[in-house]
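For reference, the structure discussed in these notes is given below.
Read the figures in this text as sums done on the coordinates, not as results from a lab. Bear in mind that the values here come from a model prediction, so they are computed numbers and not experimental data. Positions of Cβ are generated from backbone atoms using ideal geometry, with glycine treated the same way; all protein chains shown enter the neighbour counts.
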Amino acid sequence: MTTLRIYAPASSANINVGFDTLGAAISPIDGSLLGDVVQIEEIEQGFELENAGYFVRKLPKEPQKNIVYQAYVLFSERFKLRGGKTKGLRLTLEKNMPIGSGLGSSACSIVAALVALNNFHDQPFSKMELLEMMGELEGRISGSIHYDNVAPCYLGGVQLMVQSLGNISQKLPFFDSWYWVLAYPGIEVSTAEARAILPKSYTRQDMIAHGRHLGSFVHACHTGQDVLAAIMMKDVIAEPYRAALLPNFAEVKQASRDLGALVSGISGSGPTMFSITPDLATATKVANYLENHYLQNNEGFVHICKVDNAGARELG
Ligand SMILES: Nc1ncnc2c1ncn2[C@@H]1O[C@H](COP(=O)(O)OP(=O)(O)OP(=O)(O)O)[C@@H](O)[C@H]1O
Ligand SMILES: N[C@@H](CCO)C(=O)O
């Protein structure tokens, strides 16, 4: 095997009701690839990292700070511990995901790099071992380990972080007929900063509401109750504190609702906003509205998406 290309899709963490515990992999319905690609090729010796793609200019200038470089170092260290030796490699990161968007940009790079490295070396690590490394790298960026972007990005679908009995996450049954409208306004919000503004503790009332929402949501997913699931997608943990980071969030959220969205919220730590709709006609109306009222500059975009059940994959 000499060359491999791995695509890792965008993801929307939290889904309102599961701060740090729920995330969905997302793909546009028009077939475009909303995610990063890492290409891996064997070279005689050593390690080379090249960067390409629209958002390459936003990557750190020092190569060692690129999370793909750090993925290579971590993989090599762990591989060595079990008697393996990383081959001479050139990794090329196609950075298509805007950084600090709330769409799991760093997760896309981490997942694509580690899947490429693992596949290239005949899969020395299991899925959960690889996911544990992905969480460690994500933690270096955001300041704390959370798997709600890397797990769906890697494994696909809607993932619930169980972090027990040898499983970091498990897939939840979800509602395949729903459309997701993702609107990235074109401005940057740092995950670390969006975490820093959250309260250190919450009231008993909030904790009870959060438990009821998350428990009922998971129950609704398993029993196929879409109306209950949508009603329970409420955020008492992050949205009240982060809403101010998003342009006119309250107004566009209400407008999406008026146009027929079942629920809207902050994707990950923002500033991307998601709206879930029951059908394509409503998704198209919401998308048109957000194009005109939420985007702040030419970098912004709106995509009509569905949950991506495949996760990270090899491109032909
Ligand atoms: N390959 C990479 N892709 C994205 N960010 C990277 C990468 N390598 C290093 N970084 C750095 O990681 C930080 C990522 O910012 P941030 O904490 O907002 O995470 P993010 O993954 O882009 O967020 P989000 O989940 O909101 O998309 C930036 O400081 C960026 O320079
Ligand atoms: N759960 C994380 C996701 C970050 O993308 C947060 O909201 O901070």
Ratio of Rg to Rh over region 54-159 (Cα coordinates, Kirkwood Rh, two decimals) = 0.94
Under a cut-off of 30 Å between alpha-carbon atoms, report the lysines in cross-link reach of LYS306, not counting same-chain residues fewer than 8 places apart.
-> LYS58, LYS95, LYS127, LYS171, LYS234, LYS253, LYS285
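Can you tell me the length gained on complete extension of the stretch LYS171 to ARG90, counting 0.36 nm per residue apart and subtracting the Cα distance? Each step should come with its number before you reach the end.
Working: separation 81, 0.36 × 81 = 29.16 nm, distance 3.31 nm.
Contour length minus the Cα-Cα distance gives 25.9 nm.
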Exposure proxy order (Cβ contacts within 10 Å, fewest to most) of LEU259, LEU246 | LEU259, LEU246
Taking the C-alpha atoms of the chain, convex hull volume expressed per residue in Å³ = 131 Å³
Could you line up CYS108, CYS153, CYS305 from fewest to most neighbouring Cβ atoms inside 10 Å?
-> CYS305, CYS108, CYS153
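Can you put LEU165, LEU103, LEU214 in order of Cβ neighbours within 10 angstrom, beginning with the fewest? Let's see the in-between values first.
Details: LEU165 6, LEU103 27, LEU214 22.
Ordered by Cβ neighbours within 10 Å, fewest first: LEU165, LEU214, LEU103.
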Given +1 on the Cβ of Lys and Arg, -1 on the Cβ of Asp and Glu, and no further charges, what dipole in debye does region 179-304 carry about its Cα centre, rounded to the nearest 20?
-> 420 debye
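Within the chain, what is the longest stretch that has no trypsin sites (Lys or Arg not before Pro) placed in a DSSP loop and near at most 11 other beta-carbon atoms within 10 Å?
The reported range is 201-316.
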Measuring from the lowest to the highest alpha carbon on each principal axis, how far does region 166-250 reach, largest first, in angstroms?
-> 36, 33, 33
Mean projection area, nm², convex hull over Cα of region 179-304 = 7.9 nm²
At a Förster distance of 41 Å, what's the computed FRET efficiency of ASN298 paired with LEU81, Cβ-Cβ distance as r, to 0.05?
-> 0.30
